[in-house]
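The values are calculated or read from the model by the stated rules, or taken from the named source; none is laboratory data. Quick caveat: nothing in here was measured; it's all calculated off a predicted structure. We place every Cβ from the backbone using ideal geometry, glycine too, and count neighbours over all the protein chains shown.
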Amino acid sequence: MERLKKFFIKRKMIPRWKLIIWSTTCAFYGIYITIMEFELFEILWGLFIFLWIGWQTLFEKKSILE
């Protein structure tokens, strides 16, 4: 059991709640794009912003809001 704890502590896994929030946000963005029928540039710009914020939220040590 101690080995398992050390393994997960070393890896510093992403908290599950962040992945759940990120997944639902991406799903809602996909639905929004489908309903609103945007131009390609607007879709790509929105995806860039979502990916950047997602990367900052999931993988960076500091919060983007600080």
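What about Trp55, is it part of a helix (DSSP H, G or I) and modelled with pLDDT of 85 or more? No, not satisfied. Residues that are surrounded by 10 or more Cβ atoms within 10 Å (Cβ to Cβ) and in contact (Cβ under 8 Å) with a residue 40 or more places away in the chain within the range 21-62 comprise just one, Leu58. At pLDDT below 80, among the aliphatic types (A, V, I, L, M) and not in a loop (DSSP other than H, G, I, E, B): does that describe Leu44? Judged against the criteria, Leu44 is not a match.
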